[in-house]
Amino acid sequence: MFEFRLLKPHEVPWGTLDAFNDRVVFQTREWLDFIAESQNAAPVVAEIRDRDAVAGYFSGLVVRKFGMRILGSSFPGWTTPYIGFNVLPAYSRSALLAPLTQWAFRELRCVHLEVSDRWFLTNDGEQAQADSSAYETYKSDLTRSEDELFKGMDSACRRCIRKAEKTGLVVEESHDLAFADEYYAQLKDVFAKQGKVPTYPVERVRTLLKHMLATGRLLAVRARNPEGRCIATSLYPGMNDTAFFWGNASWRSEQQWRPNELLHWYALRYWKARGVKLFDWGGGGTYKEKYGVEPYVVPWFYKSKYRALTTIRNEARALFYKSQRFIGRLHGVDQRPVPTPADS
């Protein structure tokens, strides 16, 4: 029988948590603070006890939607693919979901919860009778040598990287908050060519940088053309053995320089040099296949105290994506078909 105990802020042993081998950057104090500020949510860290022993910890946030309390770990729209558990090797995550659900409904007074964890297996939600979806992405194995990583890319992708290097593009690591405005201006251009607008405001990026830049767990890079103009930007958080592609943007008028390919290649080598073993490409998008990636799926479980809430949740998510094109029209974004971008 597992017992979840909500820890008060001063009780959370952040150093102990960060030492877990299964720890990812999205579970850190700073990343939870980023979500809390950008989503008006309250961080939750719980100790999981197996009788007298500590089995591990759970991290998430409680947010109010339409007056209802929801526990997310993670939640759609948080630009965070998974959070979940940190547990000792002797324990299975499948055994923790049912007691987590009971604790969330009873002690936290939540009516809905969502949990995604990098280490989940497809059938881990069965015992808790949870509904499931999935975070579908790609991964690169950074235990391979740089030469193997490069040769694993499509030949066209390798040519793009070589072209960017030969024509004098410079990759620059950023440590300033002004990076957010550069990134977001380019991001609007990225979405415009798809007839859409960004799914989050510039304040989201500013908040991310405010909480994460000083930690050393966020790589923010820009590419400059030979004239010194910033033509592309990217963000890659990482910790322990896993790094992530969070976002990338570039000016359409400058993409002939191939800055996006160069930035991704820089990030792969940067995190590999720091001992990272797996690079998560941050979701789907067939354009990522040219980097020699493998498909990667992380289960995402959710459950409502009242069944009708699950139906509302699924319909609301579908409506959100449909609304992006409509919002683009309201903002005067060109709706004509555009060429498939080299990167996004």
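Using a Förster radius of 41 Å, what is the FRET efficiency between ALA156 and ASP33 based on their Cβ-Cβ separation? Nearest 0.05, please.
Working: r = 41 Å, r/R0 = 1.00.
For R0 = 41 Å, the calculated efficiency reads 0.50.
How many Å³ per residue does the convex hull of the Cα positions in region 3-107 occupy? It would help to have the intermediate numbers written out before the result.
On the way: hull volume 11.5 nm³, N = 105.
Expressed per residue, the convex hull around the Cα atoms of region 3-107 is 110 Å³.
With viscosity set to 0.692 mPa s at 37 °C, what whole-number translational diffusion coefficient in µm²/s follows for the chain from Stokes-Einstein and a Kirkwood radius over Cα pairs? Let's see the in-between values first.
On the way: Rh = 21.3 Å.
My calculation gives 154 µm²/s for D.
So, with a 1.4 angstrom probe, what is the percent of accessible area on the chain that is carbon and sulfur? Don't jump to the answer; show the numbers that get you there.
Details: 8260 of 15820 Å².
On the chain, the fraction of accessible area on carbon and sulfur atoms equals 52 percent.
Hey, any idea what the orientation-averaged projected area of the convex hull of region 113-165's Cα atoms comes to, in nm²?
6.0 nm²
Using label points projected 7 Å from each Cα along Cα→Cβ, tell me how many nm separate HIS175 and GLU3, to one decimal.
Distance between label points: 4.7 nm.
How long are the three semi-axes of the equivalent ellipsoid for region 109-235, computed from the Cα gyration tensor as the root of 5 times each eigenvalue, in whole Å, largest first? Could you put the intermediate results ahead of the total?
Values: eigenvalues 221, 109, 50 Å².
Each semi-axis is √(5λ); the values are 33, 23, 16 Å.
Whose amide H sits under 5 Å from the amide H of PHE20, counting only residues 5 or more places off or on another chain, with H placed in the peptide plane?
none
Among MET1, THR80, TYR184, whose Cα lies farthest out toward the positive end of the dipole of the chain, if unit charges sit on the beta carbon of Lys, Arg (+1) and Asp, Glu (-1)?
TYR184
So what is the relative contact order of region 39-157, in percent, for Cα pairs below 8 Å that sit 6 or more residues apart? Spell out each step's value before the answer.
Details: 154 pairs, mean separation 23.4, N = 119.
Worked out over region 39-157, it gives 20 percent.
Please give the peptides 296-303, 184-191 ranked by average Cβ packing (other Cβ atoms within 10 Å per residue), highest first, as a rough proxy for protection. Let's see the in-between values first.
Numbers: 296-303: 20.5, 184-191: 18.2.
So the peptides 296-303, 184-191, ranked by packing, come out 296-303, 184-191.
In sequence order, what are the phi-derived ³J(HN,Hα) couplings for region 169-186 according to the Karplus relation 6.51 cos²θ - 1.76 cosθ + 1.60 with θ = phi - 60°, rounded to whole Hz, with x for glycine and proline?
5, 10, 9, 10, 6, 10, 10, 10, 6, 5, 3, 4, 6, 4, 4, 5, 4, 6
Which percent of the Cα-Cα distances in region 88-148 go past 16 Å?
Working: 1041 of 1830 pairs.
Of all Cα-Cα pairs in region 88-148, 57 percent lie more than 16 Å apart.
Ignoring ligands, DNA and RNA, what accessible area per residue does region 1-136 give at 1.4 Å, in Å²? Write out the running numbers ahead of the final one.
Values: 6070 Å² over 136 residues.
Normalised by residue count, the accessible surface of region 1-136 is 45 Å².
How much accessible area per residue does region 193-294 have, counting only protein heavy atoms and a probe of 1.4 Å, in square angstrom? List each step's numbers first, then the result.
Details: 3430 Å² over 102 residues.
In whole numbers, region 193-294 has 34 Å² accessible per residue.
Once the Cα atoms of helix 97-106 and of the chain are each reduced to a long axis, what angle between those two axes, in degrees from 0 to 90 to the nearest 10, is obtained?
Roughly 70 degrees between the two axes.
Region 138-178: percent of C-alpha pairs farther apart than 16 Å? Display every interim value, and only then the final one.
Numbers: 462 of 820 pairs.
I get 56 percent for the Cα pairs in region 138-178 exceeding 16 Å.
What relative contact order, as a whole-number percentage, does the chain give when Cα pairs under 8 Å and 6 or more residues apart are counted?
Values: 622 pairs, mean separation 71.9, N = 344.
Once divided by the residue count of the chain, the mean separation gives 21 percent.
According to a simple spin-label model (label point 7 Å from Cα along Cα-to-Cβ), what is the distance in nm between VAL202 and SER133?
In this crude spin-label approximation the distance works out to 3.0 nm.
Two decimals is fine: what's Rg over Rh for region 11-52, C-alpha atoms, Kirkwood radius as Rh?
On the way: Rg = 11.8 Å, Rh = 11.6 Å.
So for region 11-52, dividing Rg by the Kirkwood Rh gives 1.02.
Specify the angular offset, from 0 to 90 degrees and rounded to the nearest 10, of the alpha carbon long axis of helix 202-212 from the longest principal axis of the alpha carbons in the chain.
So the helix axis and the longest Cα principal axis differ by about 70 degrees.
Along the charge dipole of the chain, Cβ charges K/R +1 and D/E -1, which of LEU71, ALA249, LEU108 sits furthest on the positive end?
Selected residue: ALA249.
Under a 10 Å cutoff between Cα atoms, tell me which one of ALA178, ALA267, ALA249 has the largest fluctuation in the Gaussian network model of the chain.
ALA178
How far is helix 307-330 tilted off the main Cα axis of the chain, in degrees rounded to 10, range 0 to 90?
20 degrees
Mark the label point 7 Å from the Cα of TRP14 along Cα→Cβ and return the residues of region 58-88 whose backbone N is within less than 16 Å of it.
59-60
Computed over the Cα atoms of region 169-210, what is the convex hull's projected area averaged over all directions, in nm²?
Details: hull surface 14.1 nm².
Computed as one quarter of the Cα hull surface, the answer is 3.5 nm².
The values are calculated or read from the model by the stated rules, or taken from the named source; none is laboratory data. None of these values were measured; they are calculated from a predicted model. Cβ: placed from backbone, ideal geometry, glycine included. Neighbour counts: every protein chain shown. Heads up: the accessible areas ignore ligands, DNA and RNA and are worked out on the full protein's heavy atoms, side chains in. Shrake-Rupley method; radii C 1.70, N 1.55, O 1.52, S 1.80 Å.
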